[in-house]
Amino acid sequence: MTEPDHRVVLLRHGQSQWNLENRFSGWSDVDLTPAGEQEARAAGELMRRHGYSFDVAYTAPLKRSTLTLNLALSAMNHAPLPIHTDWRLNERHYGALQGLNKQETREKYGAEQFQRWRRGYRERPPALAPDDPRAPCNDPRYADMAADLLPLTESLEDTYRRAVAYWEQVIAPNVRDGKQIIIASHGNTLRALAKYLENMTDAEIEAFEIPTGRPLVYELNNQLGVVRRYYLDELPVSGKQAAAH
């Protein structure tokens, strides 16, 4: 098989504490569980066994994504590389749902409303009040940002707009220059990028899920159109690479 023109790896962070507790995380800065840390290391080991290396990495300022990236690169024995952190790769902001248990939310508001909030492409959950401690404007990490950029709730469409803008303005030029790229981010953010790359319909993206800790590889042509998409653990390791490890 010939080498693709370009290759980009999307890595959703490992299991977080609120993934485990079935709670809406959003922009809340939640730790990885020990299992999530192991998922990140396993992703790095898998990429090492397949001979991957990167020129540039991108991640979000939330610690579950930055730690996943660092653990994966460490497991790869990767040389130091530029790591760019940007709020536009943050998880979708779930507004007033952040921190709530998903099952309890479903029981309180009904399955139909719950599903619209969770998976509807344009549906925004109830917004936080600006003085809510969970609001990004009260988080010192975002103190230098204009207030009108900081969401109090988001739909997936809102997340799509900011994530795709970052892709087009920052990431894509490096891809076109031949850089090997990894993006360690969050489920909804990576779903938004997948929608853009694959030109998915709104209905298709509502049904599309990316598991934690599994490197998702996109092979792209010179126009950055998708040639192939697969999870790295679906590919056999070549004999030469397997023998080396």
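A few notes on this one:
- Evaluation of Arg23 against the conditions (1) without any contact (Cβ under 8 Å) to a residue 60 or more places away in the chain; (2) open to solvent by 60 Å² or more (accessible area, probe 1.4 Å); (3) on the phi < 0 side of the Ramachandran plot shows that the sole unmet condition is (1).
- On inspection, Gln180 qualifies as of a type outside the set (A, V, I, L, M), touching an Asp or Glu at 6+ places or on another chain (Cβ under 6 Å) and closer than 20 Å to Asp86 by Cα.
- Criterion violated by Met200 - all others in (1) assigned to a loop (DSSP other than H, G, I, E, B); (2) open to solvent by 30 Å² or more (accessible area, probe 1.4 Å); (3) free of Cβ contacts under 8 Å to residues at least 40 places away in the same chain; (4) over 18 Å from Ile181 (Cα atoms) satisfied: (2)
- Any hit, segment 87-104, residues being without any contact (Cβ under 8 Å) to a residue 60 or more places away in the chain and surrounded by fewer than 16 Cβ atoms within 10 Å (Cβ to Cβ): yes
- Residue check for Thr153: open to solvent by 20 Å² or more (accessible area, probe 1.4 Å) and within 17 Å of Met47 (Cα to Cα): no
- Any chance Glu123 is touching a Gly at 6+ places or on another chain (Cβ under 9 Å), among the acidic types (Asp, Glu) and in contact (Cβ under 8 Å) with a residue 12 or more places away in the chain: no
- Which numbered condition Gln115 fails, given (1) open to solvent by 40 Å² or more (accessible area, probe 1.4 Å); (2) of a type in the set (S, T, N, Q); (3) more than 17 Å from Arg23 (Cα to Cα): (3)
- Flag if Pro126 is within 22 Å of Arg23 (Cβ to Cβ), surrounded by 14 or more Cβ atoms within 10 Å (Cβ to Cβ), at pLDDT 95 or above and not polar (S, T, N, Q): no
- Filter pass, Glu45 being open to solvent by 50 Å² or more (accessible area, probe 1.4 Å), charged (D, E, K, R), under 19 Å from His186 (Cα atoms) and not in a loop (DSSP other than H, G, I, E, B): no
- The listed residue being farther than 19 Å from Arg228 by Cβ, within 18 Å of the chain's Cα centre (by Cα) and not aliphatic (A, V, I, L, M), out of Arg7, Arg64, Arg49: Arg64
- Qualifying position, being assigned to a helix (DSSP H, G or I), at pLDDT 95 or above, more than 25 Å from Glu157 (Cα to Cα) and out of contact with any helix residue (DSSP H, G or I) (no Cβ under 6 Å at 6 or more places or on another chain), among Ser74, Ser65, Ser53: Ser74
- Condition check for Tyr142: of a type outside the set (Gly, Ala, Ser), in contact (Cβ under 8 Å) with a residue 12 or more places away in the chain and under 27 Å from Pro4 (Cα atoms): no
The values are calculated or read from the model by the stated rules, or taken from the named source; none is laboratory data. Note that this is a predicted model, so its numbers are computed, not measured. When we count neighbours, we look across all protein chains shown, and the Cβ atoms used for this are built from the backbone with ideal geometry, even at glycine. These area figures cover heavy atoms from the full protein model, side chains too; ligands, DNA and RNA do not enter into them. Shrake-Rupley method; radii C 1.70, N 1.55, O 1.52, S 1.80 Å.
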